[in-house]
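Participant: Have a look at this one.
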Amino acid sequence: MEFLPYIYKWFEVLLRWAHVMFAILWVGNSFLFNYLDNKIEKNTESKEVDAEGILQHSGWFYRLERLKIAPEKLSKNLIIFKWQSYLTFITGILLLIIIYYANAKILMIDARVNENVTPLMSIGLSIISIIGSWLIYDLICKSKLINKK
């Protein structure tokens, strides 16, 4: 059983790398779709198609159409770019639990500042801070502070 700490550390390292790789994929997809949205030409003639363009990659050409509304029937081969963000979030939560919450007494509490704080209190404060920050962010995004065109 003396090899368990090594397995645990390797799991941490692999989880960190997975988190970074999924985040890179997520940001890359975001850049791709922002680029496409800015480069495809508006289509004013069609009632269904909002914009059109052609993408060239590896010698192949792809016709792009941004639809105004979702089609009635979706293709069986529909590609949804959601797993990069989901896996970034999941690996981030796992890192938070495995690294910080599992070692809360060492990594989250400074006894020199306040020796009355317990690991459970620090974990609870962390979770409340994360949820509170998210709620504040959500309220700001839904407020009139954001210029909605």
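Participant: For 88, 118, which order do you get if you count the other beta carbons within 10 Å of each Cβ and list the fewest first?
Facilitator: So the ranking, lowest neighbour count to highest, is 118, 88.
Participant: Only sites in a loop by DSSP and with at most 10 other Cβ atoms within 10 Å count here; which trypsin sites (Lys or Arg not before Pro) in the range 26-79 make the cut?
Facilitator: For trypsin sites (Lys or Arg not before Pro) across the range 26-79 that sit outside H, G, I, E and B with at most 10 neighbouring Cβ atoms in 10 Å, the list reads 47, 73, 76.
Participant: OK, next. Looking at the range 4-102, how many pairs of lysines come closer than 21 Å at the Cα, when each pair is eight or more places apart or spans two chains? Spell out each step's value before the answer.
Facilitator: Details: 39/47; 39/68; 42/68; 47/68; 47/73; 68/76; 68/82; 73/82.
Here the count comes out as 8.
Participant: Let me ask another. Among all helices in the chain defined by DSSP H, which have a length of 30 Å or more along the axis from Cα atoms plus a Kyte-Doolittle mean of at least -0.5? Walk me through the numbers before you get to the answer.
Facilitator: Working: long enough: 4-39 (52 Å, 0.52); 119-142 (35 Å, 1.50).
Long hydrophobic helices here: 4-39, 119-142.
Participant: Name the aspartates and glutamates eligible as straight-distance cross-link partners of residue 105: C-alpha to C-alpha under 15 Å, and not fewer than 8 places from it in the same chain.
Facilitator: 115
Participant: Counting Lys and Arg as +1 and Asp and Glu as -1, what is the net charge of the other residues whose Cβ lies under 15 Å from the Cβ of residue 48?
Facilitator: With Lys, Arg at +1 and Asp, Glu at -1, the net is +1.
Participant: What full-extension length gain, to one decimal in nm, is calculated for residue 140 and residue 15 as 0.36 nm per residue of separation minus the Cα-Cα distance?
Facilitator: My answer for the length gained is 41.8 nm.
Participant: Just to be sure I understand, if you calculate semi-axes √(5λ) of the Cα gyration tensor in Å for this structure, which of (i) 24, 18, 13; (ii) 25, 22, 14; (iii) 44, 23, 12 do you get?
Facilitator: Given (i) 24, 18, 13; (ii) 25, 22, 14; (iii) 44, 23, 12, the calculated one carries the label (iii).
Participant: What order do you get for 20-30, 122-132, 105-115 when each peptide is scored by the mean count of other beta carbon atoms within 10 Å, highest first?
Facilitator: 20-30, 122-132, 105-115
Participant: Would you mind working out the magnitude of the charge dipole of the range 3-149 relative to its Cα centre, with +1 at each Lys and Arg C-beta and -1 at each Asp and Glu C-beta, to the nearest 20 Debye?
Facilitator: Dipole size: approximately 140 debye.
Bear in mind that the values in this text are calculations on the coordinates, not laboratory data. If you're wondering where the values come from, they're calculated on a predicted model, not measured in any experiment. All Cβ positions, glycine included, derive from the backbone under ideal geometry; neighbour counts span all protein chains shown.
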